[in-house]
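Shown below is the structure under consideration.
No value in this document is a laboratory result; all are computed from the given coordinates. All of these numbers come straight from a predicted model, not from anything done at the bench. Glycine gets a Cβ as well: all are built from the backbone with ideal geometry, and neighbour counts include every protein chain shown.
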């Protein structure tokens, strides 16, 4: 048996019938007529000399042979999709523009240094850079408004692939004198309920995540990024969580005090570069991906 004994179309029709549970559902999924899908599967069975589908019931079902064959078909169709994606990438040529989104957790100086070094080598490709917060980077990527993001990544989302770029420690802090009591590791949410908490505004059009460590009932002020948040906290206008890389000097010289403890342990976020797994990526995007993998962590 060779590949010439059946066609990719016949395999796609067979898989669509199995996945959709019937010929009509397969026809709608493939945008073809019911008779054409039925004929393709019948021709496949005839070529193989094997009954793949049991048509005796209300819904078609796989036979034992059909179930074993379908496992192989799924693998082969996956390989065909990969090959098609690769061909589309080859046809794209060098991109005129790459859209990169940096999230609010990204340490800007080292990241911008990497991007500057990379794009200096790609003078024909313009960098289109955006800064987004909270779930905004995910939304930009999943709505095809970004080619690559640098942010924390929901790694359970199979639409994304990622490169780990390190971790970011988030520390709950306040300015000296902001609290009328000694800041210790035993501060409770109840004690902080009367004090303004500064939070980052989600730049997503349709936010999909609740905030972390929000004190229920406490007054809030929202800001677009951690730089503004840091200034508010430094001036005793609020308390909040800030990336440790942004406040190392202030923690060292006492301009900011950590209030981390049992009730507010802080958190560590994993930073990653991410892109769509199911989209073609041009040659410059591919080189940027490899460049970040070779030069991480930040």
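In degrees between 0 and 90, to the nearest 10, how far off the longest principal axis of the chain does helix 108-120 point, with axes built from Cα atoms?
Roughly 50 degrees, rounded to the nearest 10.
Now for a different question. Which percentage, to the nearest 5, of the DSSP beta bridges contained in the chain is antiparallel?
Numbers: 21 of 35 bridges.
DSSP beta bridges in the chain are roughly 60 percent antiparallel.
With axes computed from alpha carbons, what is the tilt in degrees of helix 64-92 against the longest principal axis of the chain, rounded to the nearest 10 within 0 to 90?
60
Quick check: the distance between the Cα centres of segment 104-146 and segment 226-261, to the nearest angstrom?
For segment 104-146 versus segment 226-261, the Cα centre distance is 25 Å.
Sticking with this structure for a sec: In nm, give the distance between the simple-model label positions of residue 157 and residue 191, each being 7 Å from the Cα along the Cα-to-Cβ direction.
Once both label points are built, they end up 3.7 nm from each other.
Given the Cα-Cα distance of residue 50 and residue 255 and 0.36 nm per residue of separation, how much length would full extension add, in nm? Intermediate results must be reported in sequence, preceding the final value.
Working: separation 205, 0.36 × 205 = 73.80 nm, distance 7.68 nm.
Between residue 50 and residue 255, full extension yields an extra 66.1 nm.
Provide the packing ranking of 195-203, 130-138, i.e. peptides ordered by the mean count of other C-beta atoms within 10 Å per residue, highest first. Intermediate values should be presented prior to the final figure.
Values: 195-203: 18.7, 130-138: 21.8.
Final packing ranking: 130-138, 195-203.
Okay, next question. In vacuo Debye scattering of segment 169-266, one point per C-alpha: log10 I(q)/I(0) at q = 0.13, 0.18 Å⁻¹?
At q = 0.13, 0.18 Å⁻¹ the computed log10 ratios are -0.41, -0.80.
Still on this structure, I have one more. Going highest first, how would you order 50-62, 17-29 by mean Cβ packing within 10 Å? Can you show the working numbers first?
On the way: 50-62: 13.2, 17-29: 18.0.
For the peptides 50-62, 17-29, the packing ranking is 17-29, 50-62.
Pop a pseudo-label 7 angstrom from the Cα along the beta-carbon direction at both residue 268 and residue 145 and give the gap in nm to one decimal.
3.3
Run through the DSSP bridge list for segment 169-266 and note the antiparallel percent, rounded to the nearest 5.
On the way: 6 of 11 bridges.
Beta bridges within segment 169-266, antiparallel portion: roughly 55 percent.
Quick one: grab the alpha carbon gyration tensor of segment 63-182, order the square roots of its eigenvalues as a ≥ b ≥ c, and give me rounded if a/c is under 1.5, else prolate or oblate depending on whether a/b is larger than b/c. Mind showing how you got there, number by number?
Working: a/c = 3.59, a/b = 1.58, b/c = 2.27.
Oblate is the answer for segment 63-182, as a/c is 1.5 or above yet b/c matches or exceeds a/b.
Right, something else. Quickly rank 33-46, 108-121 as a protection proxy: mean count of other C-beta atoms within 10 Å, highest first.
Highest-to-lowest ranking by the protection proxy: 33-46, 108-121.
Once you sort the root eigenvalues of the Cα gyration tensor of segment 3-92 as a ≥ b ≥ c, which label holds: rounded (a/c under 1.5), prolate (a/b larger than b/c) or oblate (the other case)?
Numbers: a/c = 2.04, a/b = 1.60, b/c = 1.28.
Note, shape of segment 3-92 comes out prolate.
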